[in-house]
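Let me begin by presenting the structure, written as structure tokens, before commenting on it.
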Amino acid sequence: MFILKPHSGVPIYRQLLEQIRRMAASGQLPPGTELPSIRALALEHAINPMTVSKVYSLLETEGVLERNRGKPMTVAKPARTQSPLAKRVKQIEPHVEHLVLASHQLELSESDVVKALHNAWEETDERPVHRRERAR
Amino acid sequence: MSAPYIVANALGKSFNGTPVLADVSIAVEPGDIVGVLGKNGAGKTTLLELLLGFTPATAGSAHLFGYESYRLPGAAKARVGFVPQQDELINQLSAADQIGVIASFYPSWDDALVLRLSREWEVDLRQRIKGMSVGQRQKLSILLALGHRPDVLILDEPVASLDPVARRQFLEQIIEVAADGRRSVVFSSHIVSDVERLANRIWILKEQRMYWQGDFDALKESIVRVHVRATHALPASLAIPNVLRLQRNGTTATAVVRDWSADLQDRLARQLGAEVEVEPLTLEDIFLELHR
């Protein structure tokens, strides 16, 4: 279900955290999906059970997962209210800064970059319908 | 949080005035899996033996379950399992008889667990220990340390002679021990990849001292390789804090940094007008960097 690489250098908890977060956001793990028990997931990947329980707890706090008494954790329904535009723009800032810096190094003009961005944008929009619907 | 199972304060040991371990302060909480790393002779075995109370400390203190390790009462000893680097099996016995000898010391011996594991691990109970391979002996030693379901399991290089399949079976058993969060495991190993999978805490010993200890995730996020790439010559001073090692070449520089924090990346990028990329390191890389 998850791809964990203990020897990649990225902490295992972070790999698992980001995968569940992404899979829940993209609908690959629809609301209500049951997650493996801490013990089962730890055994499957031969990793520390505490790592798994830490991830589950963090995602519960974030509202991505729901704890159910005596039953497996499940993926929560996404919150109705999306975070405000300013906050979402803030999240993309580091990527934009990176893009601008790389563009300077490659001696590209603003309009070159905007054009490339536009093309990339169009391309993702042509992906299969179900992806587009979810993005909206 | 419940009291830690193991506590050491400024723990040290000297032989005839020569220190073999100095100034170690640690704590092991229930549920912890601690990986102990260090080159040969760094003090790993000495540390484990001091924590277990096999030998008296010459400085500081070691406590197990709240008792001084060296004066551990019998009831507390029964809560500890230990796998020594050199096994202490009796050559003349069969595996079954050896198990019987050890089991007789413990009222809480779990026969069903030992039988199940001996089947899964392919340890032939009828075989004489004398005729066993090093790997078989190692498996039997681990079985003997698990049989009384100890609250604290301490293993000194437990997997050095195991094949990959047996090593994975061993790791799974450690997970079973730690899964309920009430028992702890401390193990030393040169097989860094096993430590990387299992440990939530890391102790790195270097030259008879605790060089680094802490949360494993924190270690991975704290020691990183930073690549700086600019289109202009970089200034003489890069002002990167806590550099362990630096290589530079005109417009580019690579630094291994300790105590890294994520906000440094943006700050450096702006200060230097350069692209700053952070490369996470594997535990093996970190260990090697700390020993350069």
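Any read-out appearing in this document is the output of simple, stated calculations on the displayed coordinates, not a laboratory observation. Bear in mind that the values here come from a model prediction, so they are computed numbers and not experimental data. Cβ: placed from backbone, ideal geometry, glycine included. Neighbour counts: every protein chain shown.
State which residue pairs qualify: first residue farther than 14 Å from B:Pro150 by Cα and inside the stretch B:171-182, second residue among the acidic types (Asp, Glu) in any location, beta carbons under 9 Å apart, and separation of 6 or more residues or different chains.
Matching pairs, first to second residue: B:Leu171/B:Asp194.
Among strands (runs of 3 or more DSSP E) lying entirely in the stretch B:17-102, which contain 3 or more residues that are of a type in the set (Val, Ile, Thr)?
Working: elements: B:18-28, B:33-37, B:59-64, B:80-83.
Output list reads B:18-28, B:33-37.
Determine whether the stretch B:39-58 contains at least one residue that is touching a residue at least 60 places away in the same chain (Cβ under 8 Å), within 30 Å of B:Leu283 (Cβ to Cβ) and either exposed (fewer than 15 other Cβ atoms within 10 Å of the Cβ) or touching a His at 6+ places or on another chain (Cβ under 8 Å) (or both).
yes
For the stretch B:247-275, enumerate the residues that are at the interface with chain A (Cβ under 9 Å from one of its Cβ atoms), under 35 Å from the mean Cα position of the chain (by Cα) and under 11 Å from B:His227 (Cα atoms).
Of everything in the stretch B:247-275, just one residue is at the interface with chain A (Cβ under 9 Å from one of its Cβ atoms), under 35 Å from the mean Cα position of the chain (by Cα) and under 11 Å from B:His227 (Cα atoms), namely B:Gln265.
Which one of B:Asp124, B:Asp151, B:Asp156 is among the charged types (D, E, K, R) and either touching a Gly at 6+ places or on another chain (Cβ under 6 Å) or buried (at least 21 other Cβ atoms within 10 Å of the Cβ) (or both)?
Details: B:Asp124 fails: either touching a Gly at 6+ places or on another chain (Cβ under 6 Å) or buried (at least 21 other Cβ atoms within 10 Å of the Cβ) (or both); B:Asp151 fails: either touching a Gly at 6+ places or on another chain (Cβ under 6 Å) or buried (at least 21 other Cβ atoms within 10 Å of the Cβ) (or both).
On inspection, the qualifying residue turns out to be B:Asp156.
Could you check, for the stretch A:41-51, whether at least one of its residues is more than 17 Å from A:Pro6 (Cβ to Cβ) and either small (Gly, Ala, Ser) or at the interface with chain B (Cβ under 8 Å from one of its Cβ atoms) (or both)?
Quick first cut of the stretch A:41-51, residues more than 17 Å from A:Pro6 (Cβ to Cβ) only: none.
No; the residues of the stretch A:41-51 include none that is more than 17 Å from A:Pro6 (Cβ to Cβ) and either small (Gly, Ala, Ser) or at the interface with chain B (Cβ under 8 Å from one of its Cβ atoms) (or both).
Considering only the stretch A:1-110, give the helices (runs of 4 or more DSSP H) lying wholly within it that have at least 2 residues that are in contact (Cβ under 8 Å) with a residue 40 or more places away in the chain and either under 14 Å from the mean Cα position of the chain (by Cα) or surrounded by fewer than 19 Cβ atoms within 10 Å (Cβ to Cβ) (or both). Before the answer, list the steps.
Values: elements: A:12-26, A:38-45, A:49-62, A:85-105.
Of the helices (runs of 4 or more DSSP H) lying wholly inside the stretch A:1-110, those with at least 2 residues that are in contact (Cβ under 8 Å) with a residue 40 or more places away in the chain and either under 14 Å from the mean Cα position of the chain (by Cα) or surrounded by fewer than 19 Cβ atoms within 10 Å (Cβ to Cβ) (or both) span A:12-26, A:49-62.
Residue check, B:Lys130 against (1) over 27 Å from B:Lys220 (Cβ atoms); (2) in contact with a helix residue (DSSP H, G or I) (Cβ under 9 Å, 6 or more places away or on another chain), all met but one. Which one?
Result: B:Lys130 fails condition (2) only.
For (1) more than 9 Å from chain A (Cβ to nearest Cβ); (2) touching a His at 6+ places or on another chain (Cβ under 7 Å), each residue gets a yes or a no:
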site: B:Val165; (1), (2): yes, no
site: B:Gln169; (1), (2): yes, no
site: B:Gln173; (1), (2): yes, no
site: B:Ala178; (1), (2): no, no
site: B:Arg183; (1), (2): yes, no
site: B:Val186; (1), (2): yes, no
site: B:Glu196; (1), (2): no, yes
site: B:Ile202; (1), (2): yes, no
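So, in the stretch B:163-189, how many residues would count as being over 17 Å from the mean Cα position of the chain (by Cα) and buried (at least 21 other Cβ atoms within 10 Å of the Cβ)?
Result for the stretch B:163-189: 1.
Small (Gly, Ala, Ser) and surrounded by 17 or more Cβ atoms within 10 Å (Cβ to Cβ): does that describe B:Gly66? So that I can check it myself, show each step before the final result.
Working: small (Gly, Ala, Ser): yes; surrounded by 17 or more Cβ atoms within 10 Å (Cβ to Cβ): no.
Here the answer is no, as B:Gly66 does not meet what is asked.
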